[in-house]
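Novice: My questions all concern the structure below.
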Amino acid sequence: MLSVKDLVVNYGAIQAIKKVNFEIHTGEIVTLIGANGAGKSTILHTISGIMRPVSGQVTYLDRQIQRVAAPKIVQAGISQVPEGRHIFPGLSVQENLQMGAFLRKDRRNIAQAYEDVYNYFPVLKQRRHQDAATLSGGEQQMLAMGRALMAKPKLMLLDEPSMGLAPIFINEIFDIIRAINAAGTTVLLIEQNANKALSIANRGYVLASGEIKLSGTGQELLANTAVQKAYLGG
Amino acid sequence: MQTFGQQLINGLSLGSIYALLALGYTMVYGIIKLINFAHGDIYMLGAFWGYYVINQLHFNFIWAMLSAIVFCAILGVIIEYFAYRPLRHSPRITALITAIGVSFLLENGMTYLFTANTRSFPQVIKTVTYHLGGLRISNIQLLILGTACLLMLLLELIIKRTKMGRAMRAVSVDPEAAQLVGINLNHTISFTFALGSAMAGAAGVLIGLYYNSIDPLMGMTPGIKAFVAAVIGGIGSVPGASVGGFLIGLLETGVQAIGLSAYKDAVVYFVLIVILLVLPAGIFGKKTKEKV
Ligand SMILES: Nc1ncnc2c1ncn2[C@@H]1O[C@H](COP(=O)(O)OP(=O)(O)OP(=O)(O)O)[C@@H](O)[C@H]1O
Ligand SMILES: [Mg+2]
């Protein structure tokens with residue numbers, strides 16, 4: 001569905017991503033794990049069209065998208081749940097969800113999209129008229145995911161959804177990611193919580209200093225001693 | 001009491017013009033965090049546009065107003081495109097200095113083309129003064145107040161109810177998240193400049209009618225006062241800009257009424273300082289509350 005080939009991305013003179021290659025097949029959950037500053041968010045921003053690569057290709061459904069602008073990427077079916085949630089403060093929960101459907105023209109199906117989101121996250125329905133800024137961290141994460149779902153993505157990019165959350169919330173978020181995937185959305189999951197991420201992923205890649213160091217199925221990587229040392233506290 | 005009522009009327013008329021101008025400052029600041037120093041000059045160009053279409057093309061008031069709105073909206077979009085867009089990722093001070101440069105360019109360009117002389121604005125509407133229990137109120141004052149309030153209402157509807165308005169609000173709170181939901185940053189910024197400049201154009205025609213005289217430097221002082229109004233209201237806040245504008249208008253006429261005309265500008269700045277000491281974010285400024 002998506003393949004990244006020889007991707008190089010810079011911040012000014014600093015090379016953040018050095019010839020990265022990976023691919024995601026339709027229906028999979030693929031995870032990209034790596035420490036702080038490895039370049040995970042940079043890759044997501046490049047896929048989303050917020051950053052331009054220096055070289056390399058991003059191919060999505062047989063189309064090269066590395067120079068395509070952000071709105072067109074969303075339109076094509078790739079939605080991102082950014083690191084740190086980035087919900088819209090000052091807008092209600094429902095208005096935040098409405099923003100997620102910004103590009104949709106099929107008004108009738110949008111009502112259904114709200115229902116789907118509220119099914120995944122009942123707490124958002126209770127809080128729908130509340131200012132999004134007053135939600136707890138976990139609820140904000142749910143809202144950010146709900147907002148991305150409102151665009152009816154084929155591919156969902158999640159940037160560290162478990163960051164800063166209590167274990168109970170983390171489990172809930174991972175269950176929902178699995179449910180979203182089961183309902184037909186392909187998932188690229190970025191995590192530092194490698195244990196959790198690898199246990200729900202079909203395949204995973206390990207990123208360090210802007211390069212892919214290892215790849216394999218979720219189980220293979222979980223069993224890998226190098227991965228255990230570096231990311232699983234083993 | 002009577003003079004108080006009279007000053008209230010005068011202050012509101014003048015204040016509505018400051019409010020229209022302040023809206024442009026606050027919207028542009030809200031969206032790209034730039035103090036658009038050239039904003040007062042767009043208002044000047046709106047007044048000159050009104051002057052020409054009324055004198056040369058014999059437009060009536062409504063058409064002069066509407067065409068000035070369209071002219072200034074386009075001008076605002078062009079200025080953003082050529083002067084500010086290339087600096088989008090530069091340090092803020094660069095854009096700020098550029099805005100001052102654009103302001104000088106417009107002022108001196110107009111002085112070069114039309115001389116620095118003051119011109120009398122054609123009176124398309126004959127002034128009629130009504131007397132209401134000792135108060136004098138002119139049809140021009142009513143027109144200014146009415147038009148300004150109508151435009152502010154329209155703006156409120158655009159911001160609250162339209163898709164572009166929602167895009168503006170989203171970009172002003174979080175440009176990155178806005179892009180991730182599919183909002184086109186460039187279109188939204190252009191649209192904001194168009195709206196803000198349109199309001200300035202309308203204000204230019206209204207002030208022409210009110211004060212009768214226009215000149216290429218007429219945008220400087222009202223521009224600064226409208227900026228002060230936007231800051232007092234809470235820069236970035238749309239209702240704040242309207243309230244701030246009326247406040248400055250009332251203050252200015254009030255100070256004149258008690259015989260301190262010479263100090264009216266000083267008083268405006270004094271109030272700015274006091275308000276910023278008490279409410280650093282302005283009257284409607286939001287205390288940033290975000291959970292991480
Ligand atoms: N705006 C920026 N300007 C300059 N360098 C940046 C910028 N953003 C990120 N970097 C650098 O690029 C590298 C990759 O950053 P990135 O945010 O992609 O890492 P990450 O893997 O997402 O880290 P984290 O887990 O902390 O979110 C880091 O070395 C970082 O310092
Ligand atoms: Mg990151």
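The values are calculated or read from the model by the stated rules, or taken from the named source; none is laboratory data. Keep in mind that what you see is a predicted model, and the values were worked out from it rather than measured. So basically every Cβ, Gly included, is an ideal-geometry build from the backbone, and we count neighbours across all protein chains shown. Each accessible area value is taken on the protein alone, full model and side chains, heavy atoms only, with ligands, DNA and RNA left out. Shrake-Rupley method; radii C 1.70, N 1.55, O 1.52, S 1.80 Å.
Novice: Go through segment A:44-57 and count every residue that is over 13 Å from the mean Cα position of the chain (by Cα) and over 17 Å from B:ALA178 (Cβ atoms). It would help to see each step written out before you state the result.
Specialist: The initial filter retains those residues of segment A:44-57 that are over 13 Å from the mean Cα position of the chain (by Cα), namely A:49-57.
Now narrow it down to the ones that are over 17 Å from B:ALA178 (Cβ atoms): A:52-57.
Selection size over segment A:44-57: 6.
Novice: With the condition being away from ligand 1 (no atom under 16 Å from the Cβ) and of a type outside the set (Asp, Glu), I'd like the strands (runs of 3 or more DSSP E) fully within segment A:172-225 carrying at least 3 qualifying residues. Talk me through it step by step, then tell me what you get.
Specialist: Working: elements: A:186-191, A:203-208, A:211-217.
Passing ranges, in order: A:211-217.
Novice: Taking segment A:40-61, which residues are at positive phi and in a loop (DSSP other than H, G, I, E, B)?
Specialist: Initially, segment A:40-61 is screened for residues at positive phi, giving A:49, A:56, A:61.
Selection gives A:GLY49, A:LEU61.
Novice: Give the residue, chosen from A:LEU103, A:LEU155, A:LEU189, that is at pLDDT 95 or above, more than 16 Å from ligand 2 (Cβ to nearest atom) and not polar (S, T, N, Q). Walk me through it before giving the result.
Specialist: Details: A:LEU103 fails: at pLDDT 95 or above; A:LEU189 fails: more than 16 Å from ligand 2 (Cβ to nearest atom).
The unique qualifying residue is A:LEU155.
Novice: While we're on this one: State yes or no: is A:GLY84 facing another protein chain (nearest Cβ under 9 Å), away from ligand 2 (no atom under 16 Å from the Cβ) and closer than 24 Å to A:LEU207 by Cα?
Specialist: Against the criterion (facing another protein chain (nearest Cβ under 9 Å), away from ligand 2 (no atom under 16 Å from the Cβ) and closer than 24 Å to A:LEU207 by Cα), A:GLY84 does not qualify.
Novice: Here's a follow-up. I'm checking my understanding of the structure. Among residues of segment B:71-92 that are open to solvent by 80 Å² or more (accessible area, probe 1.4 Å) and touching a residue at least 12 places away in the same chain (Cβ under 8 Å), which one is nearest to B:LYS126 (Cα to Cα)?
Specialist: B:ILE74
Novice: For segment A:119-136, indicate whether the set of residues that are among the hydroxyl-bearing types (Ser, Thr, Tyr), farther than 30 Å from A:LEU207 by Cα and away from chain B (no Cβ under 12 Å) is non-empty.
Specialist: Residues of segment A:119-136 among the hydroxyl-bearing types (Ser, Thr, Tyr): A:120, A:134, A:136.
From what is left, the residues that are farther than 30 Å from A:LEU207 by Cα are A:120, A:134, A:136.
Subsequent filtering for residues that are away from chain B (no Cβ under 12 Å) retains A:120.
Checked against the condition, which is being among the hydroxyl-bearing types (Ser, Thr, Tyr), farther than 30 Å from A:LEU207 by Cα and away from chain B (no Cβ under 12 Å), segment A:119-136 yields at least one hit.
Novice: Further, regarding this structure: Which ranges mark the helices (runs of 4 or more DSSP H) fully within segment B:121-194 that have 2 or more residues being surrounded by fewer than 14 Cβ atoms within 10 Å (Cβ to Cβ) and more than 14 Å from every other protein chain (Cβ to nearest Cβ)? If you could, list the steps in order and put the result at the bottom.
Specialist: Working: elements: B:139-161, B:163-173, B:175-180.
The helices (runs of 4 or more DSSP H) meeting that bar are B:139-161.
Novice: Which number in (1) in contact with an Asp or Glu (Cβ under 6 Å, 6 or more places away or on another chain); (2) within 16 Å of ligand 1 (Cβ to nearest atom) marks the one condition that A:THR46 misses?
Specialist: Single failed check for A:THR46: (1).
Novice: I've got another one for you. Can you find a residue in segment A:58-70 that is touching a residue at least 40 places away in the same chain (Cβ under 8 Å), within 16 Å of ligand 1 (Cβ to nearest atom) and within 17 Å of the chain's Cα centre (by Cα)?
Specialist: yes
Novice: Quick one: how many residues across segment A:70-81 are closer than 14 Å to A:LEU149 by Cβ and either open to solvent by 20 Å² or more (accessible area, probe 1.4 Å) or within 8 Å of another protein chain (Cβ to nearest Cβ) (or both)?
Specialist: Step one: of segment A:70-81, the residues closer than 14 Å to A:LEU149 by Cβ are A:74, A:77-81.
Still in the list and also either open to solvent by 20 Å² or more (accessible area, probe 1.4 Å) or within 8 Å of another protein chain (Cβ to nearest Cβ) (or both): A:74, A:79-80.
Residues meeting the conditions: 3.
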